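**Student:** Okay, handing you the structure first.
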Amino acid sequence: MSITIRNIQKSFGQFKALKNINLEIGAGELVALLGPSGCGKTTLLRIIAGLETPDTGVILFHGENTTHMHVRDRHVGFVFQHYALFRHMTVFENIAFGLRVRPKETRPSDAEIRRKVHDLLNLVQLDWLADRYPAQLSGGQRQRIALARALAVEPKVLLLDEPFGALDAKVRKELRRWLRRLHDELHITSVFVTHDQEEALEVADRVVVLNEGQIEQIGTPDEVYDHPATPFVYQFLGDVNLFHGRVHEGQARIGDVQLELPGSPERRDSAVFYARPHEIDILREPDGQAAIAAQIIDIRALGATVRVELERQDDHGIVEVEMSRDQFNSKDLDRGESVYLQPKRLRVFAERNGEENLGSAA
Amino acid sequence: MSAIAAPSVPARRVNVEPLPVRWLLIGLALLFLVGFLFLPLAVVFGQAFSKGWSVYWAALVEPNALAAIRLTLTAALIAVPLNMVFGLAAAWSIAKFEFPGKSLLITLIDLPFSVSPVVSGLIYVLLFGLHGWLGPWLHEHDIQLIFAVPGIVLATIFVTFPFVARELIPLMQSQGTEEEEAAMVLGASGWQTFWHVTLPNVKWGLLYGVILCNARAMGEFGAVSVVSGHIRGLTNTIPLHVEILYNEYNTAAAFAVASLLAMLALVTLAAKTALEWRLKQQATQSTPLA
């Protein structure tokens, strides 16, 4: 079942939570709504579910307008960040709830409910917990039960609100792989909300990046990561270094340094260049005019990668460079050493309001 | 736990007061309890049985006493269920929904607690009494509220109004609305959601509120006294009956009837303690482990 979102706006008092959202979600797709807190992603998800009503705009499920349909008639599955399991019911009764509340004509028999609940418990690999109460489960188990409960009503759309947000890092990682596999098995149209870019990039077919109630970019994980459409996306999807300079004759000029900038012929007197920490080389010798002099101020080893923090000698800006442990070992760098920075890749964005307020390198 | 040898100085409990201070404080608290709670309770039962079991029993089965017991039970039987329904409705709407005038409603619910019961009784007399606003109209239609059973019931309802709501509002607020939302997404109707999700989650709190409400309904004196008119065998509740007997120097009978209220208090206290224990259990149960 496809979902069409057209011109959705929503305000809470003076606060504009969503500003004219348009989005098309294909049948069987797994889409991530990614953004910082307060960007409107949860509001959008709740509007799709019917838990909130938009001020303007329409929501179509498979071409059918559901904007004014009550949440209980939409046949969506919703998974809450804090699970929202019924605390006084056993795991079994939690999952059976959606079937038991059906009107008599469509309610399955007790035997059928039992079979179905056990199938779902097997699907989430927790069959042995049927008689427990939610309070007796771990966070990861609760979320899997919540998912089983949502799937019990055979929803046409599955909506997940920060499903792994309340879990610790290891369980999170496990569960999101598991969710991806589950989606590959069931092929149910799914939308999940997250503020964790890694989670979005790893799990989703497509990522929708939201900021301040607007969509910044829609694309596959590779597209948004490799070709961010806006400075916000660039910055939100990973650490970034900013260089102020200008564009002249297809070259980036940062201070006295001149760098090739392919595909950007126009001339600009003021520009901001973006480079990710792993896209910068550290050289021992100046490469003509194509490297920025800097001094190493800190070296931190983070598992398989090493992060080097440097201070530029011209304007004393801080630059972060990331490299593999092997690369680091072969370079033999030390704190306090003077070296040269050469960006392998630079991005420059078309001028837009608010571009400058991105802050310093993350 | 650790293998490192610690200096074998006995651990001093730095967060505990010295022994004499502790004993003094505990002693004061006990003295207070004995003086203000246990002693009066003992006096009530002592006086009630001062002239023997037969006098005690006679004071309880005397027709006027029986009428008072019946009236008290009637008033409680009407007031408590009504306030249970009202309290549930008010708590549900306040805890689960946003609407204009919400804080005003919360204030209004507390009104019976902040107003002297005598004043609440007088309000009804001024409203429904013969010389009150609605008095003439009621008289024309031959309806008597004041100095009759309906007035007593009304006053009781008013005074015991806040107990259930007060108990449920914080409980429901702390539980949030996510479970209700989950139920609705799963296709449950409003009634099903209330019956299968909301009510089971607050049932112990509700029972607690009902017990307190009942204790007050049966023990209320001030408001009921104003609207009752003190007609023996007709408009006297147990507390009013006790007062009359006492004023007639019929001490043994007064304390015999009063002992009924004292026993109600003890039962209420026991039930309250049991429920508090249940509520605490429920609270620890619903705290997330991870």
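**Student:** Any residue in region B:184-192 that is crowded, with 21+ Cβ neighbours inside 10 Å, within 14 Å of chain A (Cβ to nearest Cβ) and not in a loop (DSSP other than H, G, I, E, B)?
**Tutor:** Yes: one or more hits.
**Student:** So which of B:LEU154, B:LEU130 ends up being at pLDDT below 85, open to solvent by 20 Å² or more (accessible area, probe 1.4 Å) and among the hydrophobic types (A, V, I, L, M, F, W, C)?
**Tutor:** Of the residues listed, the single one that is at pLDDT below 85, open to solvent by 20 Å² or more (accessible area, probe 1.4 Å) and among the hydrophobic types (A, V, I, L, M, F, W, C) is B:LEU130.
**Student:** Quick check on region A:126-151: of everything there that is among the charged types (D, E, K, R) and surrounded by 21 or more Cβ atoms within 10 Å (Cβ to Cβ), which residue is nearest to the chain's Cα centre (by Cα)?
**Tutor:** Taking the candidates together, the pick is A:ARG144.
**Student:** Among the residues of region A:48-103, write down those that are open to solvent by less than 10 Å² (accessible area, probe 1.4 Å), more than 7 Å from chain B (Cβ to nearest Cβ) and in a helix (DSSP H, G or I).
**Tutor:** Answer for region A:48-103, where residues must be open to solvent by less than 10 Å² (accessible area, probe 1.4 Å), more than 7 Å from chain B (Cβ to nearest Cβ) and in a helix (DSSP H, G or I): A:ILE48, A:VAL91, A:ASN94, A:ILE95, A:ALA96, A:LEU99.
**Student:** Answer yes or no as to whether B:GLU243 is part of a helix (DSSP H, G or I) and touching a strand residue (DSSP E or B) at 6+ places or on another chain (Cβ under 9 Å).
**Tutor:** Here the answer is no, as B:GLU243 does not meet what is asked.
**Student:** Right, something else. Can you pull out the residues in region A:157-172 that are buried (at least 22 other Cβ atoms within 10 Å of the Cβ) and either out of contact with any strand residue (DSSP E or B) (no Cβ under 7 Å at 6 or more places or on another chain) or outside any loop (DSSP other than H, G, I, E, B) (or both)?
**Tutor:** Of everything in region A:157-172, those that are buried (at least 22 other Cβ atoms within 10 Å of the Cβ) and either out of contact with any strand residue (DSSP E or B) (no Cβ under 7 Å at 6 or more places or on another chain) or outside any loop (DSSP other than H, G, I, E, B) (or both) turn out to be A:VAL157, A:LEU158, A:LEU159, A:LEU160, A:ASP161, A:PHE164.
**Student:** Now for a different question. Restricting the first residue to region B:1-29 and requiring it to be at pLDDT 70 or above, which pairs with a second residue that is assigned to a helix (DSSP H, G or I) meet a Cβ separation below 8 Å and a spacing of at least six or different chains?
**Tutor:** Partner pairs satisfying both residue conditions: B:VAL16/B:ARG22; B:GLU17/B:LEU25.
**Student:** Would you check which residues across region A:104-125 are surrounded by 13 or more Cβ atoms within 10 Å (Cβ to Cβ) and modelled with pLDDT of 90 or more and list them?
**Tutor:** Pass one, region A:104-125, residues surrounded by 13 or more Cβ atoms within 10 Å (Cβ to Cβ): A:107-108, A:113-114, A:116-121, A:123-124.
Of everything in region A:104-125, those that are surrounded by 13 or more Cβ atoms within 10 Å (Cβ to Cβ) and modelled with pLDDT of 90 or more turn out to be A:ARG107, A:PRO108, A:ILE113, A:ARG114, A:LYS116, A:VAL117, A:HIS118, A:ASP119, A:LEU120, A:LEU121.
Here is a yes/no grid of residues against (1) open to solvent by 40 Å² or more (accessible area, probe 1.4 Å); (2) without any contact (Cβ under 8 Å) to a residue 12 or more places away in the chain; (3) not acidic (Asp, Glu):
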{"residue": "A:GLN197", "(1), (2), (3)": "yes, no, yes"}
{"residue": "A:ARG206", "(1), (2), (3)": "yes, no, yes"}
{"residue": "A:GLY219", "(1), (2), (3)": "no, no, yes"}
{"residue": "A:HIS227", "(1), (2), (3)": "yes, yes, yes"}
{"residue": "A:PRO231", "(1), (2), (3)": "no, no, yes"}
{"residue": "A:GLN235", "(1), (2), (3)": "yes, no, yes"}
{"residue": "A:ASP239", "(1), (2), (3)": "yes, no, no"}
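**Student:** Looking at region B:164-202, which of its residues are under 15 Å from B:LYS96 (Cα atoms) and of a type in the set (A, V, I, L, M)?
**Tutor:** Within region B:164-202, B:ALA165, B:LEU168, B:ILE169, B:LEU171, B:MET172, B:ALA182, B:ALA183, B:MET184, B:VAL197, B:LEU199, B:VAL202 qualify.
**Student:** So for region A:249-263 (the condition being part of a strand (DSSP E or B), under 28 Å from the mean Cα position of the chain (by Cα) and either closer than 25 Å to A:GLN327 by Cα or of a type in the set (Ser, Thr, Tyr) (or both)), does at least one residue qualify?
**Tutor:** No, the conditions are met nowhere in region A:249-263.
**Student:** Give the residues of region A:104-140 that are more than 14 Å from every other protein chain (Cβ to nearest Cβ), within 19 Å of A:LEU85 (Cα to Cα) and among the hydrophobic types (A, V, I, L, M, F, W, C), sorted by residue number.
**Tutor:** Answer for region A:104-140, where residues must be more than 14 Å from every other protein chain (Cβ to nearest Cβ), within 19 Å of A:LEU85 (Cα to Cα) and among the hydrophobic types (A, V, I, L, M, F, W, C): A:LEU121, A:LEU123, A:VAL124, A:LEU126, A:TRP128, A:ALA130.
**Student:** Another question, then. Only one of (1) in contact (Cβ under 8 Å) with a residue 24 or more places away in the chain; (2) buried (at least 19 other Cβ atoms within 10 Å of the Cβ); (3) not hydrophobic (A, V, I, L, M, F, W, C) fails for B:GLU181. Which number is that?
**Tutor:** (1)
**Student:** Aliphatic (A, V, I, L, M) and touching a Leu at 6+ places or on another chain (Cβ under 6 Å): is that true of A:LEU85 in this structure?
**Tutor:** No: the conditions fail for A:LEU85.
**Student:** Quickly run through region B:43-54 and pick out the residues that are open to solvent by 60 Å² or more (accessible area, probe 1.4 Å) and assigned to a helix (DSSP H, G or I).
**Tutor:** Matches in region B:43-54: B:VAL43, B:GLN47, B:TRP53, B:SER54.
The values are calculated or read from the model by the stated rules, or taken from the named source; none is laboratory data. For clarity, every value in this text was computed on a predicted model and none was experimentally measured. Don't worry about glycine lacking a Cβ; one is built from the backbone with ideal geometry, like all the others, and counts go over all protein chains shown. Heavy atoms of the whole protein, side chains included, go into the accessibility calculation; ligands, DNA and RNA do not. Shrake-Rupley method; radii C 1.70, N 1.55, O 1.52, S 1.80 Å.
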